[in-house]
Every structure is written in structure tokens, then in C-alpha cells.
1. For a quick check of your reading: which strands (runs of 3 or more DSSP E) sit entirely within region 236-310 and have at least 2 residues that are of a type outside the set (Gly, Ala, Ser) and either free of Cβ contacts under 8 Å to residues at least 60 places away in the same chain or touching a Ser or Thr at 6+ places or on another chain (Cβ under 6 Å) (or both)?
2. Would you check if GLU225 is open to solvent by less than 90 Å² (accessible area, probe 1.4 Å), modelled with pLDDT of 80 or more, more than 26 Å from the chain's Cα centre (by Cα) and among the acidic types (Asp, Glu)?
3. Quick check, is THR367 in contact with a strand residue (DSSP E or B) (Cβ under 7 Å, 6 or more places away or on another chain) and open to solvent by 10 Å² or more (accessible area, probe 1.4 Å)?
4. When LYS332 is evaluated against the numbered criteria (1) open to solvent by 10 Å² or more (accessible area, probe 1.4 Å); (2) outside any strand (DSSP E or B); (3) more than 17 Å from GLY266 (Cβ to Cβ), which criterion, by number, is the only one it fails?
5. State whether one or more residues within region 336-359 are under 21 Å from GLY239 (Cβ atoms), hydroxyl-bearing (Ser, Thr, Tyr) and outside any loop (DSSP other than H, G, I, E, B).
6. Evaluate region 312-327: report whether one residue or more is in the same structural domain as ASN391 (by the TED database), open to solvent by 60 Å² or more (accessible area, probe 1.4 Å) and part of a strand (DSSP E or B).
7. Please go through region 256-294 and pick out each residue that is open to solvent by 20 Å² or more (accessible area, probe 1.4 Å) and touching a helix residue (DSSP H, G or I) at 6+ places or on another chain (Cβ under 6 Å).
8. Can you name the residue in region 414-432 that is among the hydrophobic types (A, V, I, L, M, F, W, C) and open to solvent by less than 40 Å² (accessible area, probe 1.4 Å) and is also modelled with the highest pLDDT among such residues?
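The values are calculated or read from the model by the stated rules, or taken from the named source; none is laboratory data. As the structure is a computational prediction, the values presented were derived from the model and not from experiment. Neighbour counts run over all protein chains shown; Cβ positions are idealised from the backbone, glycine included. Just so you know, the surface numbers come from the protein's heavy atoms only, side chains and all, with ligands and any DNA or RNA stripped out. Shrake-Rupley method; radii C 1.70, N 1.55, O 1.52, S 1.80 Å.
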Amino acid sequence: AGLLLAVAAGGRGSAAAEQESPPGSRFVCTSLPLEAAGAGCPVPMQGGALPPEEELRATVLQLRETVLQQKETIGSQREAIRELTGKLSRCEGADGKSAPGTWKKELGKGKDTMGDLPRDPAQVIDQLSRTMQTLKDRLESLEHQLRANVSYAALPNDLREMLQRRLGDLERQLLSKVAELEDEKSLFHNETSAHRQKTETALNALLERVSELEKGNSAFKSPDEFKVSLPLRTNYLYGKIKKTLPELYAFTVCLWLRSSASPGIGTPFSYAVPGQANEIVLIEWGNNPIELLINDKVAQLPLFISDGKWHHICITWTTRDGMWEAFQDGEKLGTGENLAPWHPIKPGGVLILGQEQDTVGGRFDATQAFVGEMSQFNIWDRVLKAEDITNIANCSTNMPGNIIPWVDNNVDVFGGATKWPVETCEERLLDL
């Protein structure tokens, strides 16, 4: 494939002058490409056309020229390698892939984003995702440019491996940071939820305490020692008994009242059922005497309680012949019959304190509203003996109603009506 030149190790002789070389001389054989020969390397002519010295001189000149050409080729190749390496470095620097510390600042335009995270972790994760996609797009663009300008396969293997290694490191760092931010976001959410739950619990406890103080519960000596105050004649101040009545064939209603309203104290209580708003009503309206209504039937009661003092009122009724009795301060003041005889009291209605109902639980009339205070509203499902009623009025017996007892958690107030601690027997002594 080439020509073989023989140069004497001592700097003398040639293939043609082998006979003249002294014994022990060595020759170095160098293979030259055919292109070099075609470029001007003289081929030794057979037959000894040139003298040995001229032939050797020509060979040395040709070798020098060949060495210079190889140096130029090597230099140009080195320059091409340096240029390619510079372009690759500039591409890497432009795309933020030159070093693990450089891409961090590139993300935030010179700001170390990883060291100064925004307050919203979701924003950081979204920003990192966009940056990751941008880096991948730049890598694809770089590969495309390399294919267009210089074959990617022509890159040195160490440069390709370094590029892939750096990109792999960058991707792993991004994924690790995203996972870390997700963990921090989850931890922050859990801590926020726990803090919010503690805050809500504390607020609820505070609201309950405030409600208790407003209602005066903390001052009640016992659950039944309270009164309901209805100071204004309106259609929105009232109390409501949470429990309802069963079907009744007899009852006794007792309560303490204090009122000086005029004309008439209004409606201390009313019980309405579907189809009958006046199932049981106690009312003193205008200049009329106090009345008891059962199934919209009326009986006038000989009671006088509008002097502004505490009075104990009891009313008994039985469906048998419609018999009724009226007691004031332990004394029976009146009795009668034929008040809704043989009519059982209907169950499941609404029991309101201080208002007369035109529909079940509503449509109040301010002119019929009770003005004053009341306490110890109790209902039994039988007719109490006169002796028991007297003992209750004298505060010598405590008999809560077996159907409706007077306890705090069974009475709600609305519209500005209030509950206050009171011991009615003690206050009654102050009235005397």
C-alpha cells in the first residue's frame, strides 16, 4: 500500500548503497502512503539513475515536507476540536447545563431559587416542572444543531458521556427537589389543618362559655332555679318548650307569674296542634278577665295577677265533663265544668311561653303578648290534689311536672327574651 524507504541509522546510505555500508549498520524502514508519494516523493529509479547522495537528499526533503503536512493536519484537527469544544461549552452555558451550581441561578435569573423558595410550594413545583421541560427542549435543540453542523457521532466519546452524565445529574437533582417540596407541602398542610382544628375547638369552647354566661347558667343554683323575662310587648319575644305533650285526658298546669302590664298581662302560654291553634291557651287580653281556652272553648277564671307581684297559678282540667279548677297562691278561687268535655288533648303540638299562636309555632300578635316574668312552669298528666298545690305554692314541696318539668335545657328563648337565675320563693317574700 505504500513505498518503503530505508534510511541508515547513522545518517548514510540507501537501498541502492547497501553494499557500501559498513558491517553492523542498521536500517529503519518507514511506510509512506501513496498520496505522499504522488505529492512529490521521488520513487527510486531502478538502474541507479541518481547518485546515492542526491537520492538520500531528495528522500530527506520529502520526509520533511511530509512531516510538515502532518503537523498542519494535526494542527487543523486540534483547532477543529477546540472550536467544537468551545461551541459545545457555549451551548451548555447558554442552556444552563454547564455545572450543577449554574442552573440554580439560571432558574431564578441570577437568584438562588433553591435557597430562597417562594412561600407557595405549589408555585415552586410548577416552576421546576417548567424549567425541566425547558432544559429538555434545549437539549433537543442542541442535538438538532449538532446534527446539522457536525455529526453527533463525530463528537468525542468522553464529551458525549460527560454531557449525558451532567444532564442525568441535573434531572435527578430536579426530581429530588420536587419530591422534597411535595413532602414539605404535605407536612405544611397537615400542620395547618391541626392548627385550624385546635383554633376551631378553642373558639367553640369560648362561644359555649359566652352563651352560658349570657343565659346566666353559671349562676343557677340548680337547673330549675331560673326565670324567663319578657320585658316588651312585641311579636318576637318568646320562650319555647322543647318537649311536646302526649295525648292527655287530664292535666294540671302550674307556674309563677309577675306582671303589671295594662291592659291585660297577655298570654303566659299557649299550646297549638295542627288544625287547632287554641288547643290550650291561658290569656288575659285587653280589659277581659283571664281566660282558659281548650279546643277553642273558653272559660273565664277568677284570677287577679296584674299587680306586679309574684303569684303562683295552677289550673286543672279533665276531659270527664270538662271539669276545671283555678288556684292562686295555693287557694282555690274557682271551678267549673263543660269546658271541651270528652275532648282529649291532642299530642305533638308546640308549647310557647309569652305568645298566642295563630298557627302552629307562629303568627304571633303583639297585642296578645305576655309582658313580665315567669318561672316554674310545670305540667302533669293528672289532676293534682288541692293539698299538693298548696304545698307547692308555699314552697314546702318541690314537685316537678312529670310531663313538662321546669329545667333549663328544656327552655329556649328568642327575640331578646332572657333567662336569669332566681329563687321565686325568696323573691316572693320580698314582695310581701
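1. Values: elements: 238-241, 250-258, 266-273, 276-284, 291-294, 297-300.
It comes to 250-258, 276-284, 291-294, 297-300.
2. yes
3. Working: in contact with a strand residue (DSSP E or B) (Cβ under 7 Å, 6 or more places away or on another chain): no; open to solvent by 10 Å² or more (accessible area, probe 1.4 Å): yes.
No: the conditions fail for THR367.
4. LYS332 satisfies all of (1) open to solvent by 10 Å² or more (accessible area, probe 1.4 Å); (2) outside any strand (DSSP E or B); (3) more than 17 Å from GLY266 (Cβ to Cβ) except (2).
5. Yes: one or more hits.
6. The first filter runs over region 312-327 and keeps only residues in the same structural domain as ASN391 (by the TED database), leaving 312-327.
Filter once more, keeping what is open to solvent by 60 Å² or more (accessible area, probe 1.4 Å): 320-321, 323.
Right, trim to part of a strand (DSSP E or B) and you get 323.
Yes, there is a match, as at least one residue in region 312-327 is in the same structural domain as ASN391 (by the TED database), open to solvent by 60 Å² or more (accessible area, probe 1.4 Å) and part of a strand (DSSP E or B).
7. Of everything in region 256-294, just one residue is open to solvent by 20 Å² or more (accessible area, probe 1.4 Å) and touching a helix residue (DSSP H, G or I) at 6+ places or on another chain (Cβ under 6 Å), namely TRP285.
8. First, pick out the residues of region 414-432 that are among the hydrophobic types (A, V, I, L, M, F, W, C): 414, 417, 420, 422, 425, 429-430, 432.
Restricting the remaining residues to those that are open to solvent by less than 40 Å² (accessible area, probe 1.4 Å) gives 417, 422, 425.
Working: ALA417: 91, VAL422: 81, CYS425: 74.
The residue in question is ALA417.
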